[in-house]
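First up is the structure itself, then whatever we jot down about it.
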Amino acid sequence: MTTLRLGDTAPDFTQDSTAGPISFHKWAGDSWVVLFSHPADFTPVCTTELGKTAALSGDFAKRGAKAIAVSVDPLDSHEKWISDINETQNTTVNFPILADADKKVATLYDMIHPNSLANATVRSVFIIDPKKVIRATITYPASTGRNFDEILRVIDSLQLTDNYKVATPVNWKDGDDVVIVPSIQDPAELAQRFPKGFKAVKPYLRMTPQPNK
Ligand code: BEZ
């Protein structure tokens, strides 16, 4: 296990899942991927998280993104639990859950933090781009369910800032004004890149309408 950092290549693996054996990089294909761990099957917070992920499947697809969950429970447990998720969260789980009983993926991605939770994965999130580069990570404790709207928001920011010389400010959401990266200073380039104009609140703080809206 090595420490995984932003900009690193997401390690490849093969593992069983509720959608059959998965070869991770091949499964990811050209998509953005949200690989996220949860502590255990048949637990309340995890049930709500996986239900919400299923409910947001259209929102993931719109962004060219796919979700894949992992916990150290075996396949038969995942399969039984999916019925409960579908029933209680009024949804259909339509993404794979890795059956990581041998902790292969959990170890590779350092998802077990024994001083927080013994022998089970904490709530890790890896946002991985189509080149298999880790672009964002989020880690929550078992007691705090994640905000999957935030995960979509991060994907929106990454996809926007990959394509335009902007960054997204505090609490930004798709459609809000963005900031121009400080490295762009040439007036001609500013005019060409930001035809809608910009407001220089400070020389380093320049707000502009979201360029792709
Ligand atoms: C839960 O998903 O509800 C949960 C899992 C492990 C510890 C605490 C809560």
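The values are calculated or read from the model by the stated rules, or taken from the named source; none is laboratory data. All values derive from a computational prediction rather than experimental measurement. Here Cβ is always computed from backbone atoms with ideal geometry, including for glycine, and neighbour counts include all displayed protein chains. Areas reflect the complete protein model, heavy atoms only, side chains present, ligands, DNA and RNA absent. Shrake-Rupley method; radii C 1.70, N 1.55, O 1.52, S 1.80 Å.
General remarks:
- Candidate set from segment 26-48 (those that are surrounded by fewer than 16 Cβ atoms within 10 Å (Cβ to Cβ) and under 16 Å from LYS131 (Cα atoms)); member that is farthest from the ligand (Cβ to nearest atom): ASP30
- Apart from one condition, LEU117 fits all of (1) farther than 29 Å from LYS26 by Cβ; (2) away from the ligand (no atom under 16 Å from the Cβ); (3) not basic (Lys, Arg); the exception is (2).
- Residue list for segment 89-121, filter: in contact (Cβ under 8 Å) with a residue 40 or more places away in the chain and open to solvent by 80 Å² or more (accessible area, probe 1.4 Å): ASN94, LYS104, ASN119
- Which listed residue, of THR14, THR92, THR47, is closer than 19 Å to THR144 by Cβ and at pLDDT 95 or above: THR47
- Hits in segment 132-165 - residues which are in contact with a Leu (Cβ under 8 Å, 6 or more places away or on another chain), outside any loop (DSSP other than H, G, I, E, B) and within 16 Å of the ligand (Cβ to nearest atom): PHE148
- Positions within segment 196-213 being over 12 Å from TYR164 (Cβ atoms) and open to solvent by 90 Å² or more (accessible area, probe 1.4 Å), in sequence order: LYS199, LYS202, PRO203, TYR204
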